[in-house]
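The values are calculated or read from the model by the stated rules, or taken from the named source; none is laboratory data. Because the structure is predicted, anything quoted here is derived from the model rather than measured. Counting neighbours? That spans all protein chains shown, and the Cβs are built from the backbone with ideal geometry, glycine included.
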Amino acid sequence: MIIELNRLWGPVRPYLAQQVSELYGRHDGSILEAGPFSGLAFELAEKGIGTSFHMAVFPVDVAHALKDEARRLELTAKVSIAETDEALIGVPPEAFDLALFRGAFFFPSFFRADLSAIYGSLKAGGMALLGGGFGRYTPGHVIRAMEKRSKDLNQALGRVRVKEEDLWSALEAGRMKDKATMITEGGLWVVLRKG
């Protein structure tokens, strides 16, 4: 189901990449994409947003599917893909300028994103974007074409509704509140910045 969901979201990637590019404000740097809902790093690599790209994904089936996609897109030399878990085992500390983790807060029965591991993966001056949604730039017709199936798959995977105050509580518990801002347009996203 996760693999189907990642494929379904393919048409959304260019629009999410636009928002990521705007927030990141750079075209260099090392980029990490973490978690099961991955694939945006391919779009960033193709658009030249960043200079090195690493995906740290789970479960193992998702890693295999993304490796197949990397081959199809001829991006195996540009995007490395490794298996990890929700604690981001094997992800080096202080190695990335930008970290992305889509779906980070919405599947508590499946996994709980480790905020300190994400934050710890960032270099000084780095930024992380965690959360979910279609982003502010995805056109209505793209959303409508896949919204129903996406909702069904998300529900089957145990997606829960999360409110802003829930995220602020999670950030406070993880001692990240002072490093965070929230974006509520086009979904619910947390931006963490490392000083």
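Of the numbered criteria (1) charged (D, E, K, R); (2) closer than 27 Å to ARG7 by Cα; (3) touching a Ser or Thr at 6+ places or on another chain (Cβ under 8 Å); (4) surrounded by fewer than 20 Cβ atoms within 10 Å (Cβ to Cβ), the one ARG102 fails is (4). A single entry from ARG193, ARG159 fulfils the requirement of being touching a Lys or Arg at 6+ places or on another chain (Cβ under 7 Å), touching a residue at least 12 places away in the same chain (Cβ under 8 Å) and either within 19 Å of TYR119 (Cβ to Cβ) or surrounded by 12 or more Cβ atoms within 10 Å (Cβ to Cβ) (or both): ARG193.
Could you count how many residues in the range 113-146 are among the aromatic types (Phe, Trp, Tyr) and either at pLDDT below 95 or within 14 Å of GLY103 (Cβ to Cβ) (or both)? Write out each step before concluding.
Keep residues of the range 113-146 that are among the aromatic types (Phe, Trp, Tyr), which gives 119, 134, 137.
With the extra rule that they be either at pLDDT below 95 or within 14 Å of GLY103 (Cβ to Cβ) (or both), the set shrinks to 134.
Total meeting the criteria: 1.
Here TRP168, TRP189 are screened, and the one residue that is more than 18 Å from SER38 (Cβ to Cβ), out of contact with any Pro (no Cβ under 9 Å at 6 or more places or on another chain) and at pLDDT 95 or above is TRP168. Taken over the range 105-122, the criterion of being under 19 Å from LYS194 (Cα atoms) and surrounded by 15 or more Cβ atoms within 10 Å (Cβ to Cβ) is satisfied by ALA113, ASP114, LEU115, ALA117, ILE118, TYR119, GLY120, SER121, LEU122.
Looking only at residues in the range 162-190 that are in a helix (DSSP H, G or I) and of a type in the set (D, E, K, R), which one is surrounded by the most Cβ atoms within 10 Å (Cβ to Cβ)? It comes out as LYS179.
Within the bounds of the range 35-55, is there any residue that is without any contact (Cβ under 8 Å) to a residue 40 or more places away in the chain and in contact with an Asp or Glu (Cβ under 6 Å, 6 or more places away or on another chain)? Give the derivation first.
As a first pass, look at the range 35-55 and keep what is without any contact (Cβ under 8 Å) to a residue 40 or more places away in the chain: 39, 42-49, 51-53, 55.
Filter once more, so that each one left must be in contact with an Asp or Glu (Cβ under 6 Å, 6 or more places away or on another chain): 51, 55.
Yes, the range 35-55 contains a residue that is without any contact (Cβ under 8 Å) to a residue 40 or more places away in the chain and in contact with an Asp or Glu (Cβ under 6 Å, 6 or more places away or on another chain).
Test ALA82 against the criterion of being surrounded by fewer than 23 Cβ atoms within 10 Å (Cβ to Cβ) and not polar (S, T, N, Q), and give yes or no.
Numbers: surrounded by fewer than 23 Cβ atoms within 10 Å (Cβ to Cβ): yes; not polar (S, T, N, Q): yes.
Criteria met by ALA82.
Under the condition of being under 14 Å from the mean Cα position of the chain (by Cα) and touching a residue at least 40 places away in the same chain (Cβ under 8 Å), the residues counted in the range 19-34 number 8.
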